[in-house]
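I have placed the structure first, in the form of structure tokens, so that the comments after it can refer back to it.
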Amino acid sequence: MQDVTDDPVSAGGGPGRPPAELLRRLRARHACDPVTHVERVAARPGEPAPWPAWAPEELRAPFARRGVVAPWRHQTEAAELAYAGQHVVVATGTASGKSLAYQLPALATLLADPRATVLYLAPTKALAADQLRAVAGLELEGVRPACYDGDTPRAEREWIRRHSRFVLTNPDMLHHGILPGHAHWSGFLRRLAYVVIDECHTYRGVFGSHVAHVLRRLRRQCGRSGRVSSPALAGSRHTPVFILASATSGDPAAAAGRLTGLPVTAVTEDTSPRGGVTFALWEPPLLPPDASASAVDLAPVRRSALRETADLLADSVVEGVRTLAFVRSRRGAEVVAANARRALDEAVPGLGERVAAYRAGYLREERRELERALLHGDLLGLASTSALELGVDLVGLDAVLICGWPGTRASLWQQAGRAGRSGDEALAVLVARDDPLDTYLVHHPEALFGRPVEATVLDPANPYVLAPQLACAAFEAPLTPADLELFGEGAKEAVDSLVEAGALRQRPTGWYWRHRERPDVDLRGEDGAPVCVVEASTGRLLGTVDGGSSHFLLHPGAVYLHQGVSYVVDSLDLADGCALVHAEEPDWSTHARDVTSLSVVSVRSYVDAGPVGLFLGEVDVTSQVVSYQRRRIATGEVIDTRPLDLPARELRTVAVWFTLSPESLALAGVESADVPGGLHAAEHAAIGLLPLIATCDRWDIGGLSTALHPDTEAPTVFVYDGHPGGAGFAERAYGTAAAWLRATRDAIAECGCEAGCPSCVQSPKCGNGNNPLSKPDAVRVLDVVLDNLPPAANIADERGAAPDRAHGDAPDARGAAPDSAAGGRPGERGAAVPRQDERSPERSVSEGQAALETG
Ligand SMILES: [Zn+2]
Ligand SMILES: [Zn+2]
């Protein structure tokens with residue numbers, strides 16, 4: 001590892017510094033200690049196990065040459081199960097060697113049976129390319145591993161289909177290329193022994209639900225193509241064996257079972273050796289009151305997590321410590337890199353070059369160059385979005401900074417796992433943002449450490465996923481009644497709806513796709529095609545932004561950051577998917593505002609709790625980016641607000657909502673003038689705390705509150721999934737409502753601020769500029785709800801499975817309405833637009849906005 005000990009500022013620094021000492025030095029720079037908790041995660045010795053008896057010498061030898069003397073016990077356990085024909089998921093920590101667990105049975109089978117084939121699926125092309133290098137490097141005869149994805153030249157495709165026996169691809173290519181062209185693949189699929197699904201925890205929410213059905217389509221084609229001949233697979237003739245690799249997650253067997261539709265055995269005990277990690281929870285200090293006096297809204301109360309992370313990154317680089325900072329948004333990553341660079345250059349001109357930003361939107365060559373530079377030590381600091389989480393093999397990091405709660409404990413450990421991979425002691429720091437959940441967590445370490453990580457939530461029964469997937473399946477081959485069983489709950493209803501819509505025709509032999517073209521279905525969801533960002537003067541492609549975020553990031557006049565360089569958008573052409581920009585560095589940042597309205601479509605389930613009602617149901621959400629603010633970067637001062645002309649976007653989704661009777665609020669001491677502020681503040685905090693129980697993150701969900709909603713005729717707080725048809729989050733919230741709202745109430749009440757702050761009731765993505773908000777009334781509102789709601793409102797099962805989806809259960813909305821809290825009226829749109837609020841998920845946008853005004 002290289003270091004910067006030649007530089008004057010790093011005298012006394014250098015590699016090999018014990019993490020406790022590094023932490024001490026980082027803390028020492030602050031007047032009051034920002035560390036709220038230090039957890040020491042002990043080192044662990046490895047537990048080797050013998051090679052499986054069936055693994056031939058020609059397979060062991062190349063591993064031995066790489067230094068694998070013997071597998072770890074969990075690798076052998078998983079490999080033995082898979083070789084015996086059981087579907088298995090290995091769910092262990094970062095760098096625990098999950099790949100050997102699937103490589104052993106898969107490759108041993110390919111060596112033993114010269115006809116057998118293996119299909120490997122990775123969520124990203126980069127990961128598949130890494131895996132290809134690893135398998136090809138074993139130089140096994142007759143395996144001929146090959147990547148088959150969108151980048152594969154046409155000329156090579158046929159060779160791969162005919163000759164490769166280890167094909168590496170991704171779910172999108174399986175969906176768009178391999179399954180629709182299954183006739184070309186029948187030989188490969190007929191002989192398919194194993195399907196390897198790497199990083200399977202990434203298949204969650206709507207995307208995960210789509211992938212679940214792509215896998216069912218794959219199983220269907222394998223069954224149609226014939227029998228698997230491998231002797232190892234006797235007893236499972238019609239289905240290849242699925243081997244899944246997952247980051248540590250709660251109940252991985254159930255999640256893998258939901259993903260594949262098959263019974264899956266889990267191997268979860270990590271027996272690989274691990275270096276110790278010192279894990280610090282870090283709360284940025286409060287700013288002196290006058291520093292933020294000029295900001296109109298979102299007054300920064302604490303120093304921004306981005307600034308704090310940038311400083312920690314710069315300090316670590318000065319110490320010669322190779323450090324990776326994870327930042328949630330792409331903007332945030334660029335701001336952190338730019339600020340760290342500036343600080344380093346001020347200390348030692350030129351030192352700033354040792355820090356860079358990394359995110360998924362960069363072009364492939366840029367990403368490879370950054371990875372290479374960090375591996376070789378040309379770079380010492382990298383600020384990254386979670387793009388790096390996915391298996392890109394960066395080793396030897398001494399410290400990991402996590403800027404803001406990454407959304408799940410699973411992600412937290414995945415990111416922290418980047419530190420100390422070489423077996424050395426390492427440092428991990430979670431830097432809290434001004435956010436109720438972050439604040440709650442840095443003061444409740446028991447919610448982070450020594451607790452199982454969350455389960456991965458996906459909902460294959462989502463009709464918005466199931467119907468298009470069944471259309472794809474019918475295009476590939478007519479659907480039969482047996483297929484409906486394969487696709488599971490809701491499949492019959494979805495097929496009926498497709499027949500009714502004229503997409504399928506029913507014949508005695510099954511359901512037939514009626515069109516010539518194949519259905520146009522995007523696994524990645526509804527956000528539309530990515531928008532290219534092009535520099536107008538040179539025609540240079542700077543990067544891409546997903547379609548949904550483009551309204552917020554690339555509207556005309558928006559300030560767009562790329563590698564720390566600032567651009568201003570001249571025009572956005574949504575039809576062509578292109579934004580033209582020019583380089584310019586104004587001293588303001590831009591913040592898009594949207595208007596949201598919501599109407600109740602139907603009630604799926606409800607709890608009648610006297611003056612309080614709790615509901616789960618379908619809603620229509622309409623949102624439109626209507627204006628943007630320009631704010632001074634230094635002070636957060638609003639310069640002006642400018643109108644925008646962008647189309648509205650519609651979303652039918654699932655929401656959880658609660659209503660309260662005006663009388664109960666009055667009785668609790670909430671003046672009627674304060675009802676909107678109390679509800680609004682409760683809504684913000686409830687959205688902030690939902691990820692604690694619902695495996696989503698704040699940016700997956702939206703909300704709206706109003707003192708009188710036309711559909712409920714009562715004071716109401718809505719929280720909805722930001723994905724068409726829902727993704728299971730609102731259902732989980734409904735099922736654990738008492739625990740969720742209790743944590744929300746406590747987070748608000750325990751916050752040390754006077755009148756509400758971003759750590760409790762303010763929201764960085766509020767469409768209303770955080771106005772009105774009333775912190776004390778939010779506590780009163782939630783107390784009324786909690787006093788009335790039966791604790792049995794914790795009705796979800798442990799795995800967060802969706803409650804019964806049967807629509808027959810839910811009485812019609814009007815009938816469901818308790819006296820004080822009316823349900824929705826199907827088909828009636830809210831005429832009076834309620835106070836607009838939280839927009840749905842632009843997960844990367846708003847955090848960047850919030851941070852920019854203080855950074
Ligand atoms: Zn507060
Ligand atoms: Zn709001």
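When a/c reaches 1.5 or more, the comparison of a/b and b/c decides; with that in mind, is segment 85-175 rounded, prolate or oblate per its Cα gyration tensor? Note, shape of segment 85-175 comes out oblate. Highest mean packing comes first when the peptides 123-131, 494-502, 506-514, 703-711 are listed by Cβ atoms within 10 Å, giving 703-711, 123-131, 494-502, 506-514. When GLU371, GLU57 are compared by accessible surface with a 1.4 Å probe, the order from highest to lowest is GLU57, GLU371.
Each residue was assigned an accessible area with a 1.4 Å probe, and for ARG341 the value is about 60 Å².
For the residues TYR440, TYR734, a 1.4 Å probe over the protein chains yields an accessible-area ranking, largest first, of TYR440, TYR734.
If R₀ is 30 angstrom, what is the calculated FRET efficiency for the pair ALA575 and ARG516, using the beta carbon separation as r and rounding to 0.05? Efficiency at R0 = 30 Å is approximately 0.75. For the pair segment 302-334 / segment 475-495, the C-alpha centres are spaced 49 Å from each other.
3J(HN,Hα) along segment 242-252, derived from phi through the Karplus expression 6.51 cos²θ - 1.76 cosθ + 1.60 where θ = phi - 60°, amounts to 9, 10, 10, 10, 9, 5, 3, 8, x, 6, x Hz, with x in place of Gly and Pro. Our estimate of slack between ARG27 and GLU489, defined as 0.36 nm per intervening residue step minus the Cα-Cα distance, is 160.9 nm. With bins 10 Å wide beginning at 0, the percent of Cα pairs of segment 697-742 falling in each bin runs 24, 47, 28. For ALA183 and ALA42, the difference between the fully extended length at 0.36 nm per residue and the C-alpha to C-alpha distance is 45.5 nm. Over what distance in Å are the Cα centres of segment 578-601 and segment 368-384 separated? What the calculation gives is 31 Å, centre to centre. Backbone amide hydrogens, once placed in the peptide plane, bring HIS37 within less than 5 Å of LEU281, excluding anything fewer than 5 places away on its chain. Each residue of segment 167-184 was assigned a 3J(HN,Hα) from its phi angle through the Karplus curve 6.51 cos²θ - 1.76 cosθ + 1.60 (θ = phi - 60°); the sequence is 9, 10, 8, 10, x, 5, 5, 4, 6, 8, x, 6, 5, x, x, 4, 4, 6 Hz, with glycine and proline shown as x.
Report note on the peptides 104-112, 553-561: ranked by the mean count of other C-beta atoms within 10 Å, highest first, their order is 104-112, 553-561.
The values are calculated or read from the model by the stated rules, or taken from the named source; none is laboratory data. Owing to the predicted nature of the structure, the values given are computational and were not obtained by experimental measurement. Because the Cβ atoms are built from the backbone with ideal geometry, glycine has one as well, and the counts that use them run over all protein chains shown. These area figures cover heavy atoms from the full protein model, side chains too; ligands, DNA and RNA do not enter into them. Shrake-Rupley method; radii C 1.70, N 1.55, O 1.52, S 1.80 Å.
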